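All remarks here apply to the structure that follows.
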Amino acid sequence: MILKNAEFVRSAADASGFPRDGRPRIVFAGRSNVGKSSTINSLVGRKGFARVSASPGKTVFVNLFLAEQRIWLVDLPGYGYSKTSAQERQRYSALIEQYLDDDMENIHRFMLIVDIRHAPTADDRLMADWARAYHLPLVVIANKADKLKPSQLRESLAAVRAGLAVDETVPVFAFSAEKHTGRDDVIREIFSGLRE
Ligand code: GTP
Ligand code: MG
């Protein structure tokens, strides 16, 4: 299963570029280089659709894609890249904050992407706490699962869950944007609860 008819609509540098059409939004957040753009590519089944950056921190705008002619895919700038200047980081966090404050009721799923190989960072935890505080429908995508042995998955998922302090109501999926592991689980989440 993939998302069909995906198209790039625009990049938004601030809230004036955010969609205001009431369509559901699937927001992808996560550290720089964790694979947000790659995950979107996997979900739409097209390599190089959302750009994949060789140098972390490259996505500085909110990139907006429309899939199935009715679902916004929102590629947020990555956070927590240490080499980004303090000023840039400030701009990122202001943008993300603005994004999340704006028209929040249309966020159908808040996809927090983390690296399955490592314990979540303080920034990851902050995002999860934030999602919880605003009652956003949080889903955790534990990406780069292809880098682990199958025997390590269970323990790694438990570590992700513990590090983010999410309870059993929050789905945590082992995922690989490269191998498309977990893609059906994520797509099912996207469609669940959407009006026909
Ligand atoms: P920013 O836009 O800079 O915040 O990064 P991003 O989160 O969009 O990450 P991006 O999709 O650009 O991927 C970063 C790097 O990780 C690229 O080199 C990808 O090829 C690699 N990558 C992403 N997902 C996977 C995965 O599931 N497995 C492996 N092995 N590599 C991955
Ligand atoms: Mg990106």
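The values are calculated or read from the model by the stated rules, or taken from the named source; none is laboratory data. Model, not experiment: these values are computed from the prediction. Backbone-built Cβ (ideal geometry, glycine too); neighbour counts: all protein chains shown. Accessible surface is based on the protein model in full, side chains and every heavy atom, while ligands, DNA and RNA are left aside. Shrake-Rupley method; radii C 1.70, N 1.55, O 1.52, S 1.80 Å.
Go over the candidates V166, V139 one by one and state the one that is of a type in the set (V, I, T), farther than 19 Å from P24 by Cβ and buried (at least 16 other Cβ atoms within 10 Å of the Cβ). Spell out how you get there, then give the answer.
On the way: V139 fails: farther than 19 Å from P24 by Cβ.
Among V166, V139, only V166 is of a type in the set (V, I, T), farther than 19 Å from P24 by Cβ and buried (at least 16 other Cβ atoms within 10 Å of the Cβ).
If we keep just the residues of the range 23-38 that are more than 12 Å from ligand 1 (Cβ to nearest atom) and closer than 19 Å to E97 by Cα, which is nearest to the chain's Cα centre (by Cα)?
V27
Could you look through the range 165-196, keep only residues that are in a helix (DSSP H, G or I) and not aliphatic (A, V, I, L, M), and pick out the one that is nearest to M1 (Cα to Cα)?
Applying the first criterion (in a helix (DSSP H, G or I)) to the range 165-196 yields 183-191.
Cutting the leftovers down to not aliphatic (A, V, I, L, M) gives us 183-185, 188-189, 191.
On the way: R183: 8, D184: 6, D185: 10, R188: 9, E189: 12, F191: 11 Å.
The qualifying residue nearest to M1 (Cα to Cα) is D184.
Restricting to the range 97-112, count the residues that are in a helix (DSSP H, G or I) and either within 17 Å of V166 (Cβ to Cβ) or in contact with a strand residue (DSSP E or B) (Cβ under 7 Å, 6 or more places away or on another chain) (or both).
Qualifying residue count, the range 97-112: 2.
Going by what's in this entry, would A158 be described as over 24 Å from I190 (Cβ atoms) and modelled with pLDDT of 95 or more?
Yes: the conditions hold for A158.
With the structure loaded, tell me whether L126 is open to solvent by less than 50 Å² (accessible area, probe 1.4 Å) and out of contact with any Cys (no Cβ under 8 Å at 6 or more places or on another chain) or whether it fails that test.
Details: open to solvent by less than 50 Å² (accessible area, probe 1.4 Å): no; out of contact with any Cys (no Cβ under 8 Å at 6 or more places or on another chain): yes.
Criteria not met by L126.
Here's a check for you: in the range 98-123, which residue that is without any contact (Cβ under 8 Å) to a residue 60 or more places away in the chain and over 15 Å from the mean Cα position of the chain (by Cα) is most open to solvent (accessible area, probe 1.4 Å)?
Checked the range 98-123; the qualifying residue most open to solvent (accessible area, probe 1.4 Å) is E105.
Are any of the residues in the range 136-156 farther than 21 Å from G182 by Cα, of a type in the set (S, T, N, Q) and not in a strand (DSSP E or B)?
No, there is no match, as no residue in the range 136-156 is farther than 21 Å from G182 by Cα, of a type in the set (S, T, N, Q) and not in a strand (DSSP E or B).
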